[in-house]
Amino acid sequence: MTLLTEKRAPRPQPETRKIRGKVHLREHLMGWLFVGPFGIVFLAFLIAPLAYALYLSLFQKKLIGGTSFVLFDNYVKAFTDPSFLSGVWFVIRFSLVSIPLQILIALALALILDAVTTAFARFSRLMIFLPYAIPTVIGAVMWGFLYSKGFGPLTDIFGLFGATAPDFLSSDLIFYGLLNVVTWQWAGYYMIILYAALQGVDPTLYEAARMDGAGRWQIATRIKIPLIAPALILILVFSLIGTLQFFNEPQILRYLAAGAIGSDFTPNMYAYQQAFSLANFNYGSAISFALGGVVFICVYAFLFFTRKRRSFL
Amino acid sequence: MKRRRILATVAMLAAGTGLVACSSDEGGSDASNCTNTITKQNVPVVTMWGWYPNTQLVVDNFNKQHDDVQVCWTNVGQGSDEYDKFQTAISAGTGAPDVIMVEADRIPTFQIQGALVDIKQYGFDAVKANYSEGAWKDVSVGDKVYGVPVDGGPVAMIYRKDIFDKYKITPPKTWAEYEQAAQKVKDAGGPLFGDFGANVPAVLMALQIQKGATPFTSDPAQPNAIGVKLNDQASKDVLDYWGGLAKKGLVGTQNQFTPEYISGVINGNYATYISAAWAPGYLTGAGVGKGQDTGKFAVAPLPQWDLANPVQVNWGGSAFSVTKQAKKPELAAKVAYGLYADKESLTDGWTNQIIFPLNLTALKDPAFVDLKVAFFGGQQANKEVYVPAADAYQGVQYAPFGQYYLDAMEKQVSEVIKGSVTGSQAADRLQEDVAKYAKEQGFTVQ
């Protein structure tokens, strides 16, 4: 583009204009060169696979009859497929419970750690953050063992009081079993983000508040929380997207939970099963995109509602 | 200024070529990727995927005995893990090995996608007599042969002698007796009698077939048509039977092949284990029957529905198939025919109970038949139980969408375990589900 504009530039121009044009061209080129490496990686590893998946999702491949173009049939199928819909319903329910829980725990811990500045607080901060440093897969396997009826500690602890331990891997309690694993893993991470945001608040504000007679509780609720609202929104969006794409924990615990977690437990697991064990890449891609649509709608709705409320938060 | 621009260009080009270099690296079949070491140079190499615990030895034996071809083996995972990778390679059109270990029930699934080679044209007649008719039937589709049988899985009832002695019961011969014995043990405060796991649909299918179910039927003349019959009375009866046992608390509902289940087996939480001939090897590997538990296990024939007309069934068992992506199918077929077919490898396989051999040279070997199996406390398990069961096995027609069928069955069995549906209802739902899938895939369902 830039080359063309320069060539077309009218001839009888003063010398200075010409030079400036050359400088512009040079700057443009340099800019593209610097963006280039990122651009190539971005195109090759994000845009191209997405486009390819979208392309795949418009076809249908049958064992008999081969591949045919079906436009949006796969999407129609997805949104009428009980497996997909029940998966979506599960992750939405799970989000509604797990996100507020995680955020409340993270916020409470961040406020406490911000107010207390002993060596023990620093140690606690590290310990609360630690679960996030453990890979999800290892975390899930570990909890699988802790929940185990056969050799987990729960059985022993409840046995001491002559009670039967709850089986968090049974179909009735798997929701809470997963809830616990997710909260354990992520609350610490959100806590660090909120804690960092709290560190950025100007301490003179607290002093001013104290002079006006505000107590600790009032400082926390009236000053600290409103000031870190952007960080709160950020982690809410993170956790919403993450939870709607729930995959690792249930996929690992599947093998330990007797029939409580099916292959279509969450939409992502369903897409994985369709693509990689049933070789239905077309439908798998369609499910992924359909899930992407659900995530987009949920995040958009969330941002829309919080935008209004942020004024009095 | 100019120099900097050149530098930037160079940097960008370098980044670009780096990417190209990554993408052009095919990985493929060069000998450096083999798990085994190939010592003979300048000999054509055939790649192979497999997961027998003694594959290393089997491959080394083969390579030692052959000067015209060498095998390059990779273990890409067991069962589904391998199938998922193979499936991805089939879809991608590249990346599959030349020879692959598959369970017999998966062969139709890959065959219908055109992923396997009919090996009848590559020296089939020379080895035909080494296997029984039934063994060949399980690896064939129509009159074409898509695999070389290696091992089978005649199903029997493994049980704990100590538990049976304690509660004074003898091995049940029928399923009615099985339930009575389970009730007796439960009433006396004993452990669970068996396990009804959702994640082992293949053995449930075998038990349904035992009662007379024929889940899938097809006619080679009409490859687009398939008979799906998953809710006939026999199928319903078997699901109702196991669902009933679970509901009465006579059997557990734990997923099998999990640490939870194995720890239960070690603790003596299950009096019986309905499983195949390869199970002792698997259990031993998982730490069962060792130390103070040595010799506590024994095996008895599979309980029957009708003692006058006993039916034997099979669970698992595998074969070597040649893939369509093999560049030299004839050479690959030679490997498929020759691997795990030499006496040394077979003997290692059956003495360690890794395989129940289908190769008649091993199956008819008195040393194999008369073997006193250590896991079963010296019981002559092959002679008493497994060989008769294997001899009576008649082969099964598997589905060309086996993965979907087994996944769907797992889902329905989970519902039965939860108690949300009865066995009969589960069978009806399964029929509906699988028939719908078959239609979607372009089959005419009969």
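If you bin all the Cα-Cα distances of the stretch B:74-229 at 10 Å, starting from zero, the percentages per bin are 8, 27, 29, 19, 13, 4, 0. Distance from the Cα centroid of the stretch A:214-282 to that of the stretch B:32-53 is 43 Å (rounded to whole angstrom). Charge dipole of the protein assembly as shown (Cα centre as origin; +1 on each Lys and Arg Cβ, -1 on each Asp and Glu Cβ, all else neutral): 3560 debye, rounded to the nearest 20. The residues packed around A:L113, meaning those with a beta-carbon under 10 Å from its beta-carbon, carry a net charge of +1 if Lys and Arg are +1 and Asp and Glu are -1.
Of the chymotrypsin sites (Phe, Trp or Tyr not before Pro) found in the stretch B:216-269, those in coil by DSSP whose Cβ has at most 16 other Cβ atoms within 10 Å are B:F257.
Adding -39500 (n - 2.57) for every DSSP H run of four residues or longer, then dividing by how many residues chain B holds, sets the calculated 222 nm ellipticity at -12500 deg cm²/dmol.
Where a ≥ b ≥ c are the square roots of the eigenvalues of the C-alpha gyration tensor, would you call the stretch A:73-312 rounded, which needs a/c under 1.5, or, failing that, prolate if a/b is larger than b/c, or oblate? Verdict is oblate for the stretch A:73-312.
Only beta bridges with both residues in the protein assembly as shown are counted; by DSSP, about 70 percent of them are antiparallel.
Just need log10 I(q)/I(0) for the stretch B:129-203 at q = 0.13, 0.17 Å⁻¹, Debye formula, equal scatterers on the alpha-carbon atoms, no solvent, rounded to two decimals. Here log10 of I(q) over I(0) equals -0.61, -0.77.
Classified by the C-alpha gyration tensor, chain B has a prolate form. Its axis ratio a/c, with a ≥ b ≥ c, is 1.5 or above, and a/b is larger than b/c. Considering the dipole of the stretch B:210-322 built from charges on the beta carbon (Lys and Arg +1, Asp and Glu -1) around the Cα centre, which of B:P220, B:G287, B:A234 is farthest to its positive end? Going by the charge dipole, the pick is B:G287. Long hydrophobic helices in chain A, taken as whole DSSP H segments with a C-alpha length of 30 Å or more on their own axis and mean Kyte-Doolittle hydropathy at least -1.0: A:15-42, A:82-115, A:174-199, A:281-309. Along the axis of the charge dipole computed for the protein assembly as shown (Cβ charges of +1 for Lys and Arg, -1 for Asp and Glu, origin at the Cα centre), the listed residues B:G378, A:V141, B:V59 are led at the positive end by A:V141. Of the chymotrypsin sites (Phe, Trp or Tyr not before Pro) found in the stretch B:104-183, not one falls in a DSSP loop while having at most 14 other beta-carbon atoms within 10 Å. With respect to chain B, whose longest principal axis is taken over its alpha-carbon atoms, helix B:175-187 is tilted by about 70°. Checking the a/c ratio against 1.5 first, then a/b against b/c, what shape does the Cα gyration tensor give for the protein assembly as shown? Cα axes put the protein assembly as shown in the oblate bin. Look at where the Cα atoms of the stretch B:228-270 and of the stretch B:130-207 average out, and the two centres are 11 Å apart. Electrostatic bookkeeping for B:Q431 treats Lys and Arg as +1 and Asp and Glu as -1; over the other residues with beta carbon under 11 Å from its beta carbon, the sum is 0. Summing Cβ point charges (Lys, Arg +1; Asp, Glu -1) relative to the Cα centre of chain A gives a dipole of roughly 1420 debye. Ranking of B:S132, A:S57 by neighbouring Cβ atoms within 10 Å, starting from the fewest: B:S132, A:S57.
Computed from the coordinates by the stated procedures, all read-outs in this text should not be read as laboratory data. If you're wondering where the values come from, they're calculated on a predicted model, not measured in any experiment. Here Cβ is always computed from backbone atoms with ideal geometry, including for glycine, and neighbour counts include all displayed protein chains.
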